[in-house]
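Asks: First the structure, then my questions, so here it is.
Just so it is clear, none of the values below were taken in a lab; they were calculated from the coordinates. Please read all numbers here as calculations on a predicted model, not as lab measurements. Virtual Cβ from ideal backbone geometry, glycine too; neighbours counted across all protein chains shown.
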């Protein structure tokens, strides 16, 4: 029993560490009173936050990719009920966030995906190999753009989804959204008797 628990912890600790580091960095910033928070959003604190967020992106990428590989092609159009995203739609949502929503929310550039129509078409992909390719490219783009950002640019608030948000707010918002979709994919896997690779 103890050996089983320690093996389970060793398999999940890198992901938990990355998310825990990000959560602690965010907690330290968002629990301060507003004036102190504005003062404490220095270039150094934002650089630390950015590094934690990028580490969490790496973990998310690894887990989305592991699930994408674990699902067989014939399950990519599966959905638990009408009106809910399919397996391929959830995976392409994660890829598209890497291409656009993640970098632009921090003030970086979206990937050039062609016209709006061409970008919209990507969301409808159901081919496993193509989706895995876009997952890799989307997360790679987000990481490259974030790493290239000068932390000094992130000390001011930005308008994201209609609200003025600090870098900490943006990281919390995007991180929460991606982890929610990862949880959705884990639930899809379990419903299809697919064991997430890191749980084996």
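Asks: Grab the beta carbon distance between residue 126 and residue 179, set R0 = 22 Å, and tell me the FRET efficiency rounded to 0.05.
Replies: E(calc), rounded to 0.05, equals 0.35.
Asks: How would you rank 50, 109, going from fewest to most other Cβ atoms within 10 Å of each one's own Cβ?
Replies: Fewest-to-most ranking of 50, 109: 109, 50.
Asks: Tell me, in nm to one decimal, what length is gained between residue 79 and residue 164 on full extension, where the rule is 0.36 nm per residue of separation less the Cα-Cα distance? Can you show the working numbers first?
Replies: Numbers: separation 85, 0.36 × 85 = 30.60 nm, distance 3.49 nm.
My answer for the length gained is 27.1 nm.
Asks: Next question, about the same structure. Please give the length that would be gained between residue 70 and residue 47 if that part of the chain were fully extended, namely 0.36 nm times their separation in residues minus their C-alpha to C-alpha distance (nm, one decimal). Walk me through the numbers on the way to the answer.
Replies: Numbers: separation 23, 0.36 × 23 = 8.28 nm, distance 3.48 nm.
This chain segment gains 4.8 nm when fully extended.
Asks: What area, in nm² and to one decimal, does the C-alpha convex hull of region 101-152 cast on average over all directions?
Replies: About 3.8 nm², averaged over all directions.
Asks: Further question on the same structure: If you average the sequence gap of Cα pairs under 8 Å that are 6 or more apart and divide by the length of region 101-188, what percent do you get for the contact order?
Replies: So the answer I get is 31 percent.
Asks: Next question. From the P(r) of region 107-200, could you give the percentage of C-alpha pairs in the tail past 24 Å?
Replies: Summing the P(r) of region 107-200 above 24 Å gives 39 percent of all pairs.
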